[in-house]
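Asks: What follows is a single structure, and I will ask about it in a moment.
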């Protein structure tokens, strides 16, 4: 039963990262369509990392969890920077910056839960 819950947890987070991948691929393609002379490597790089995290989480590997955790921690830090920048400059959507921070921090918490720890037979 615990294995089923563990598989569900990994697959649920993989679905979230998969949706994020689709979002960033759409952003990348739209940016190429509007400005073909500018390559958005940051968006493309983020999409590559989320593809790797999605695959690793779907296969229930620890490296997939680690990649997802690194992405969540980094995005959480970017959420803090975006929030402070929006507050200090009075430009930009404050709700979006706060949402990035809160969602990334919550995802970091979820990925550190016991269900995502390696099984004893993984050692």
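The values are calculated or read from the model by the stated rules, or taken from the named source; none is laboratory data. All figures in this text were calculated on a predicted structure; none of them were measured in a lab. Here the Cβ positions follow ideal geometry from the backbone for every residue, glycine too, while neighbour counts run over all protein chains shown.
Asks: What's the total number of residues in the range 105-123 that are free of Cβ contacts under 8 Å to residues at least 24 places away in the same chain and surrounded by 12 or more Cβ atoms within 10 Å (Cβ to Cβ)?
Replies: Residues meeting the conditions: 2.
Asks: Taking residue 75 as the residue in question, decide whether it is closer than 21 Å to residue 22 by Cα and touching a helix residue (DSSP H, G or I) at 6+ places or on another chain (Cβ under 7 Å).
Replies: Details: closer than 21 Å to residue 22 by Cα: yes; touching a helix residue (DSSP H, G or I) at 6+ places or on another chain (Cβ under 7 Å): yes.
Yes: the conditions hold for residue 75.
Asks: So how many residues does the range 82-104 have that are under 12 Å from the mean Cα position of the chain (by Cα) and surrounded by fewer than 17 Cβ atoms within 10 Å (Cβ to Cβ)? Before you say what the answer is, go through the steps one by one.
Replies: Here is the first cut: in the range 82-104, the ones under 12 Å from the mean Cα position of the chain (by Cα) are 100-101, 103-104.
Of the ones still in play, those that are also surrounded by fewer than 17 Cβ atoms within 10 Å (Cβ to Cβ) are 103.
Total satisfying the criteria: 1.
Asks: Let me ask another. Considering only the range 26-54, state which residues are over 19 Å from residue 74 (Cα atoms) and either part of a helix (DSSP H, G or I) or at pLDDT 85 or above (or both).
Replies: The initial filter retains those residues of the range 26-54 that are over 19 Å from residue 74 (Cα atoms), namely 26-39.
If the condition is that a residue be over 19 Å from residue 74 (Cα atoms) and either part of a helix (DSSP H, G or I) or at pLDDT 85 or above (or both), then 26, 27, 28, 29, 30, 31, 32, 33, 34 are the ones that fit.
Asks: Test of understanding: among 94, 69, 57, which residue is closer than 11 Å to residue 105 by Cα and either in contact with a helix residue (DSSP H, G or I) (Cβ under 8 Å, 6 or more places away or on another chain) or touching a residue at least 24 places away in the same chain (Cβ under 8 Å) (or both)?
Replies: Details: 94 fails: closer than 11 Å to residue 105 by Cα; 57 fails: closer than 11 Å to residue 105 by Cα.
None of the other options fit; the residue is 69.
Asks: OK, next. Could you say which residue among 10, 24, 49 is closer than 27 Å to residue 116 by Cα, buried (at least 18 other Cβ atoms within 10 Å of the Cβ) and more than 13 Å from the chain's Cα centre (by Cα)? Give the steps one after another, and end with the answer.
Replies: Details: 24 fails: more than 13 Å from the chain's Cα centre (by Cα); 49 fails: more than 13 Å from the chain's Cα centre (by Cα).
When all the criteria are applied, what remains is 10.
Asks: Between 79, 74, which is at pLDDT below 95, crowded, with 18+ Cβ neighbours inside 10 Å, in a helix (DSSP H, G or I) and out of contact with any strand residue (DSSP E or B) (no Cβ under 8 Å at 6 or more places or on another chain)?
Replies: Values: 74 fails: crowded, with 18+ Cβ neighbours inside 10 Å.
Unique residue meeting the criteria: 79.
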